[in-house]
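Colleague: Next up is a structure, given as structure tokens.
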Amino acid sequence: MNALPEGPELKRIALGVQYDGSSWSGYQKQPDRNTVQDRLEMALAEFARALLPTTCAGRTDAGVHALEQVIHFDTSLSRPINAWVRGVNAFLPDSIVVRWAKELAHDPEHEFHARFSAHSRTYYYVLYNNPNRSALLAGRAGWVFRPIDVELMREAAQCLVGTHDFSAFRSSQCQAKTPVKKLNELRIERRGDVIIFTVCAAAFLHHMVRNLVGSLVYVGIGRQPVSWMREVLESGDRDMAAPTFMPDGLYLAKVGYDPKWGLPQEDSSPLGWF
């Protein structure tokens with residue numbers, strides 16, 4: 001196969017990609033090639049008969065899912081826009097699906113970029129709260145067998161919204177230049193045995209969402225008081241917070257962009273699954 005061709009007809013294609021991350025070693029390419037990006041680029045190469053390097057809106061860890069990851073690549077190939085959906089899907093496993101495609105003008109001075117054009121990222125964490133584990137939710141939801149008080153978690157979460165130094169919820173492997181982030185929203189909803197955490201920010205630290213969820217669960221099960229959450233936040237000490245929660249229930253739900261790009265993004269909530 002040939003490398004990416006150049007020419008005045010070069011265009012940028014954006015794709016909305018959904019995946020079950022249970023069997024993958026995260027999104028970003030790895031030497032073992034067992035990642036979503038590896039498999040997606042293999043499918044693109046099979047369909048286009050050309051190498052098409054991709055850029056994503058945000059990397060996800062092993063075991064983490066995406067309702068709508070956004071990626072882009074550049075190509076001079078001419079294909080009906082729907083072919084980038086059906087054609088690529090023909091070469092993908094069941095756990096990875098292209099949901100939509102959008103062709104954008106390739107303009108170096110004013111062009112769409114999956115990562116740098118994004119103004120927000122929304123994650124869901126799906127938590128199953130029942131004395132017994134669920135066979136149907138294995139790998140797709142976190143699990144806590146102790147009773148959880150959602151109201152206590154909501155009260156504890158109030159101090160987290162806004163601009164803060166989130167060092168206490170930051171992985172030691174985090175490569176972000178600063179631990180200061182603005183958390184736009186942290187909403188907690190319950191439907192039966194399922195609890196959904198909705199967390200939105202422009203950007204997150206490595207493991208930040210899972211560390212926040214784990215600490216909120218400590219409050220919800222009564223292991224720590226509501227006031228403890230603020231103490232942890234203000235301490236900046238990772239050792240004070242709860243251990244990193246399991247990846248199973250974490251979903252990259254939506255990446256926010258300016259409407260001017262006209263991306264055919266889908267609204268999706270895991271609450272509709274139950």
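Colleague: Go through region 157-175 and give me each residue that's over 14 Å from V199 (Cβ atoms) and not basic (K, R).
Modeller: The initial filter retains those residues of region 157-175 that are over 14 Å from V199 (Cβ atoms), namely 159, 163, 165, 167-168, 170-175.
Result: C159, T163, D165, S167, A168, S171, S172, Q173, C174, Q175.
Colleague: Here is a further query. Sort out which residues of region 104-115 are open to solvent by 70 Å² or more (accessible area, probe 1.4 Å) and either touching a Gly at 6+ places or on another chain (Cβ under 6 Å) or at pLDDT below 95 (or both), and write them in order of number.
Modeller: Quick first cut of region 104-115, residues open to solvent by 70 Å² or more (accessible area, probe 1.4 Å) only: 105, 108-110, 115.
If the condition is that a residue be open to solvent by 70 Å² or more (accessible area, probe 1.4 Å) and either touching a Gly at 6+ places or on another chain (Cβ under 6 Å) or at pLDDT below 95 (or both), then A105, P108, E109, H110 are the ones that fit.
Colleague: If T122 meets every condition in (1) over 22 Å from V232 (Cα atoms); (2) assigned to a loop (DSSP other than H, G, I, E, B) apart from one, which number is that one?
Modeller: The single condition T122 does not satisfy is (2).
Colleague: Given the criterion out of contact with any helix residue (DSSP H, G or I) (no Cβ under 6 Å at 6 or more places or on another chain), more than 16 Å from I196 (Cα to Cα) and polar (S, T, N, Q), identify the matching residue among N89, N129. Reasoning before the result, please.
Modeller: Numbers: N129 fails: more than 16 Å from I196 (Cα to Cα).
Every option except N89 fails the conditions.
Colleague: It is to be established whether one or more residues within region 116-130 are over 30 Å from V217 (Cα atoms), open to solvent by less than 20 Å² (accessible area, probe 1.4 Å) and within 21 Å of the chain's Cα centre (by Cα). Steps first, answer last, please.
Modeller: Kept after step one, since they are over 30 Å from V217 (Cα atoms), are these residues of region 116-130: 116-117.
From what is left, the residues that are open to solvent by less than 20 Å² (accessible area, probe 1.4 Å) are none.
For region 116-130, residues over 30 Å from V217 (Cα atoms), open to solvent by less than 20 Å² (accessible area, probe 1.4 Å) and within 21 Å of the chain's Cα centre (by Cα): absent.
Colleague: Going by the conditions given, is G142 at positive phi and within 23 Å of the chain's Cα centre (by Cα)? Write out each step before concluding.
Modeller: Working: at positive phi: no; within 23 Å of the chain's Cα centre (by Cα): yes.
Spelling it out, it is not the case that G142 is at positive phi and within 23 Å of the chain's Cα centre (by Cα).
Colleague: What are the residues in region 59-88 that are farther than 12 Å from V17 by Cβ, touching a residue at least 40 places away in the same chain (Cβ under 8 Å) and of a type in the set (G, A, S), if any?
Modeller: A62, G63, S76, S78, G87
Colleague: Using the structure shown, decide if N34 is open to solvent by 10 Å² or more (accessible area, probe 1.4 Å), out of contact with any strand residue (DSSP E or B) (no Cβ under 8 Å at 6 or more places or on another chain) and under 30 Å from G220 (Cα atoms). Don't jump to the end; show me each part of the working.
Modeller: Values: open to solvent by 10 Å² or more (accessible area, probe 1.4 Å): yes; out of contact with any strand residue (DSSP E or B) (no Cβ under 8 Å at 6 or more places or on another chain): yes; under 30 Å from G220 (Cα atoms): no.
In short, no.
Colleague: Can you say whether I81 is under 23 Å from P53 (Cα atoms), of a type in the set (A, V, I, L, M) and under 20 Å from the mean Cα position of the chain (by Cα), as far as the supplied structure shows? Lay out the reasoning, then the answer.
Modeller: Values: under 23 Å from P53 (Cα atoms): yes; of a type in the set (A, V, I, L, M): yes; under 20 Å from the mean Cα position of the chain (by Cα): no.
Spelling it out, it is not the case that I81 is under 23 Å from P53 (Cα atoms), of a type in the set (A, V, I, L, M) and under 20 Å from the mean Cα position of the chain (by Cα).
Colleague: I would also like to ask the following. Considering region 145-184 alone, what residues qualify as being without any contact (Cβ under 8 Å) to a residue 60 or more places away in the chain and either in a strand (DSSP E or B) or open to solvent by less than 40 Å² (accessible area, probe 1.4 Å) (or both)? Let's see the steps before the verdict.
Modeller: So in region 145-184, the residues without any contact (Cβ under 8 Å) to a residue 60 or more places away in the chain come out as 145, 151, 154, 158, 161-163, 173-183.
Those that are without any contact (Cβ under 8 Å) to a residue 60 or more places away in the chain and either in a strand (DSSP E or B) or open to solvent by less than 40 Å² (accessible area, probe 1.4 Å) (or both): G162, T163, C174, A176, P179, V180, K181, K182, L183.
Colleague: For region 89-119, give me the residue count where each residue is assigned to a loop (DSSP other than H, G, I, E, B) and within 15 Å of V64 (Cα to Cα). Please lay out each step first, then the result.
Modeller: Filtering region 89-119 for residues assigned to a loop (DSSP other than H, G, I, E, B) gives 90-95, 106-119.
Then drop every residue that is not within 15 Å of V64 (Cα to Cα), which leaves 95.
Within region 89-119, residues that are assigned to a loop (DSSP other than H, G, I, E, B) and within 15 Å of V64 (Cα to Cα) number 1.
Colleague: Which residues, taken from region 125-136, are part of a loop (DSSP other than H, G, I, E, B) and either modelled with pLDDT of 95 or more or basic (K, R) (or both)?
Modeller: We begin by selecting, within region 125-136, every residue part of a loop (DSSP other than H, G, I, E, B); these are 130-136.
Matches in region 125-136: N130, P131, N132, R133, S134, A135.
The rows are residues; the columns are (1) outside any loop (DSSP other than H, G, I, E, B); (2) under 20 Å from C200 (Cα atoms); (3) at pLDDT below 95.
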residue	(1), (2), (3)
Q224	no, no, no
W228	yes, no, no
P243	no, no, no
P247	no, yes, no
L252	yes, yes, no
V255	yes, yes, no
E266	no, yes, yes
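Colleague: Something else about it: Would you please name the residue that is surrounded by the fewest Cβ atoms within 10 Å (Cβ to Cβ), looking only at residues in region 185-202 that are at pLDDT 95 or above and among the basic types (K, R)?
Modeller: R187
Colleague: I'd like to know if region 118-134 contains one or more residues that are among the polar types (S, T, N, Q) and within 21 Å of T60 (Cα to Cα). Spell out how you get there, then give the answer.
Modeller: Pass one, region 118-134, residues among the polar types (S, T, N, Q): 120, 122, 129-130, 132, 134.
Narrowing the set further to residues that are within 21 Å of T60 (Cα to Cα) leaves 120, 122.
Within region 118-134, one or more residues are among the polar types (S, T, N, Q) and within 21 Å of T60 (Cα to Cα).
Colleague: While we're looking at this one, here's another question. For region 42-87, give me each residue that is among the charged types (D, E, K, R), buried (at least 17 other Cβ atoms within 10 Å of the Cβ) and more than 14 Å from A114 (Cβ to Cβ).
Modeller: D61
Colleague: If you go through region 207-239, how many residues are aliphatic (A, V, I, L, M) and farther than 18 Å from K181 by Cβ?
Modeller: Residues of region 207-239 that are aliphatic (A, V, I, L, M), as a first pass: 208-209, 212-213, 216-217, 219, 221, 226, 229, 232-233.
Subset that is farther than 18 Å from K181 by Cβ: 217, 219, 221, 226.
Of the residues in region 207-239, 4 are aliphatic (A, V, I, L, M) and farther than 18 Å from K181 by Cβ.
The values are calculated or read from the model by the stated rules, or taken from the named source; none is laboratory data. Here the structure is a predicted model, which means the values were calculated and not measured. All Cβ positions, even for glycine, are placed from backbone atoms using ideal geometry, and neighbour counts span all protein chains on display. To get the accessible areas, we keep the full protein, side chains included, count just its heavy atoms, and leave off ligands, DNA and RNA. Shrake-Rupley method; radii C 1.70, N 1.55, O 1.52, S 1.80 Å.
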